[in-house]
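The values are calculated or read from the model by the stated rules, or taken from the named source; none is laboratory data. As the structure is a computational prediction, the values presented were derived from the model and not from experiment. Don't worry about glycine lacking a Cβ; one is built from the backbone with ideal geometry, like all the others, and counts go over all protein chains shown.
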Amino acid sequence: MNVENNYILKNGVSIPAIGFGTWQIPNGKEAYESTLIAIKNGYRHIDTAAAYGNEESVGQAIKDSKIKRDEIFITSKLKAELKGYHTAKMEFAKTIERLGVDYLDLYLIHAPKPWNVHSDGTEYTEQNIETWKAFIELHQEGKIRAIGVSNFRPEHLKPLIEATGFVPHVNQIFLCPGATQKVTVDYSKPLGILTEAYSPFATGRLFKVEIMQQMAEKYQKSIAQIAVRWSLQRGFLPLPKSVTPERIMNNFQVWDFEIAENDLEIIDNIQLPW
Ligand SMILES: NC(=O)c1ccc[n+]([C@@H]2O[C@H](COP(=O)([O-])OP(=O)(O)OC[C@H]3O[C@@H](n4cnc5c(N)ncnc54)[C@H](OP(=O)(O)O)[C@@H]3O)[C@@H](O)[C@H]2O)c1
């Protein structure tokens, strides 16, 4: 199965099919160097967030890479605990200032509810709708090329769409072998929402799975490459993170092999260690 280097969002915007993840990479030398190494090794899509605290270094690396701004796809996210129309507009302005850019390629509501809230988050529906209205305006003003959400399930997506008529271009969710998020994916696909797969290695837990090791041996690839390729062949947009130069390179070299359908199914159903 052929996979493309880019997906086309439903508004026609092209988005590189693998994004470099930057969660837990501290601002400063580490975020700067990892982002620069990623760009030098072919990544053209960087995933950051206000909550990661590393937008300055990520932005500096992008600038210093000398790759033209319109050839790099930059995603950032509005903090989960900051919601509402005016808040969203103010926080967006801070994000682009920290990144040192004058527009974003993709801006996401980081989560339907603040991280410390132990409920399904539906009580934040009105605040998410107000936030979403600000996102739509920023998009229509040309300040953000595509807008979306993250960690949203159908019960969070539906009210946004009903209230505004504007379907998110992207939903970024936890998705990796063994955690295929069928309910959210099945809801999103017919609406043309692209699913981005965060934590494509389950933040490292995937490397302990015996079946993944067997697949790596079978295809003569690393476990990481199997996971990234699986994600692409399933139509998702994986966001691998690493601070290790060889891994950053390895995770992007997934274009020259193909996983057979029966193996994709085995990978779909692995048991992740918790
Ligand atoms: N929207 C959200 O709420 C959300 C939540 C989580 C993540 N994300 C996004 O998704 C990105 C990725 O998820 P993640 O950070 O949870 O982690 P991940 O990409 O699933 O896994 C990263 C871990 O795997 C290791 N690793 C990477 N490549 C490897 C390789 N080839 N061989 C062996 N080990 C390897 C890394 O180690 P080293 O770094 O030490 O090399 C790190 O410990 C994030 O950075 C972020 O951009 C978004």
**Message:** Being under 23 Å from ALA111 (Cα atoms), of a type outside the set (A, V, I, L, M) and assigned to a helix (DSSP H, G or I) is the filter here; which residues of segment 19-58 pass it?
**Reply:** TYR52, GLU55, GLU56
**Prompt:** Among the residues of segment 213-233, which ones are within 11 Å of the ligand (Cβ to nearest atom), surrounded by fewer than 20 Cβ atoms within 10 Å (Cβ to Cβ) and in contact (Cβ under 8 Å) with a residue 24 or more places away in the chain?
**Reply:** SER222
**Prompt:** Of all the residues that make up segment 184-212, how many are away from the ligand (no atom under 12 Å from the Cβ) and more than 20 Å from PHE73 (Cα to Cα)?
**Reply:** 11
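For the structure I just gave you, tell me whether ILE62 is at negative phi, assigned to a strand (DSSP E or B), away from the ligand (no atom under 14 Å from the Cβ) and not hydroxyl-bearing (Ser, Thr, Tyr).
Working: at negative phi: yes; assigned to a strand (DSSP E or B): no; away from the ligand (no atom under 14 Å from the Cβ): yes; not hydroxyl-bearing (Ser, Thr, Tyr): yes.
No.
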**Asked** Is it true that some residue in segment 4-15 is within 12 Å of the ligand (Cβ to nearest atom), touching an Asp or Glu at 6+ places or on another chain (Cβ under 8 Å) and either β-branched (Val, Ile, Thr) or within 19 Å of PRO245 (Cα to Cα) (or both)?
**Response** no
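Would you check if PHE252 is away from the ligand (no atom under 15 Å from the Cβ) and touching a Phe, Trp or Tyr at 6+ places or on another chain (Cβ under 9 Å)? Don't jump to the end; show me each part of the working.
Values: away from the ligand (no atom under 15 Å from the Cβ): no; touching a Phe, Trp or Tyr at 6+ places or on another chain (Cβ under 9 Å): yes.
No.
Residues checked against (1) aliphatic (A, V, I, L, M); (2) within 16 Å of the ligand (Cβ to nearest atom); (3) in contact with a Ser or Thr (Cβ under 9 Å, 6 or more places away or on another chain):
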residue	(1), (2), (3)
GLU126	no, no, no
ILE136	yes, no, yes
SER150	no, yes, no
LEU157	yes, yes, yes
ALA163	yes, no, yes
**Request:** Would you check which residues across segment 70-112 are aliphatic (A, V, I, L, M), touching a Leu at 6+ places or on another chain (Cβ under 8 Å) and farther than 11 Å from ILE144 by Cα and list them?
**Result:** LEU78, ALA88, ILE109
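Just for segment 140-165: of the residues that are among the basic types (Lys, Arg) and under 17 Å from the mean Cα position of the chain (by Cα), which one is nearest to LEU106 (Cα to Cα)? Spell out how you get there, then give the answer.
Initially, segment 140-165 is screened for residues among the basic types (Lys, Arg), giving 143, 145, 153, 158.
Next, only the ones that are under 17 Å from the mean Cα position of the chain (by Cα) stay: 145, 153.
Working: ARG145: 6, ARG153: 19 Å.
Ranking the qualifying residues of segment 140-165, first place goes to ARG145.
With respect to GLU71, determine if the residue is touching a residue at least 60 places away in the same chain (Cβ under 8 Å), over 17 Å from the mean Cα position of the chain (by Cα) and over 27 Å from THR164 (Cβ atoms). If you could, list the steps in order and put the result at the bottom.
Working: touching a residue at least 60 places away in the same chain (Cβ under 8 Å): no; over 17 Å from the mean Cα position of the chain (by Cα): yes; over 27 Å from THR164 (Cβ atoms): yes.
Criteria not met by GLU71.
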**Message:** Among the residues that make up segment 89-104, is at least one of them within 15 Å of the ligand (Cβ to nearest atom), at pLDDT 95 or above and among the small types (Gly, Ala, Ser)?
**Reply:** no
**Request:** Would you check which residues across segment 150-198 are hydroxyl-bearing (Ser, Thr, Tyr) and either out of contact with any helix residue (DSSP H, G or I) (no Cβ under 7 Å at 6 or more places or on another chain) or within 23 Å of HIS45 (Cα to Cα) (or both) and list them?
**Result:** SER150, THR180, SER188, THR195, TYR198
**Request:** Go through segment 45-60 and count every residue that is under 14 Å from VAL101 (Cα atoms), crowded, with 22+ Cβ neighbours inside 10 Å and not hydrophobic (A, V, I, L, M, F, W, C).
**Result:** 4
**Meets criteria (more than 17 Å from HIS156 (Cα to Cα) and over 19 Å from the mean Cα position of the chain (by Cα)) for LYS83** = no
**Request:** Give me the pairs, please: first residue somewhere in segment 103-123 and among the aromatic types (Phe, Trp, Tyr), second residue anywhere and more than 14 Å from the ligand (Cβ to nearest atom) and assigned to a loop (DSSP other than H, G, I, E, B), beta-carbon distance under 8 Å, and either six or more positions apart or on two chains.
**Result:** TYR103/GLY142; TYR103/LYS143
**Complete:** Those residues of segment 234-248 which are assigned to a helix (DSSP H, G or I) and either more than 15 Å from the ligand (Cβ to nearest atom) or of a type in the set (A, V, I, L, M, F, W, C) (or both) amount to ILE248
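Which count do you get for residues in segment 249-274 that are of a type in the set (Asp, Glu), surrounded by 12 or more Cβ atoms within 10 Å (Cβ to Cβ) and assigned to a helix (DSSP H, G or I)?
2
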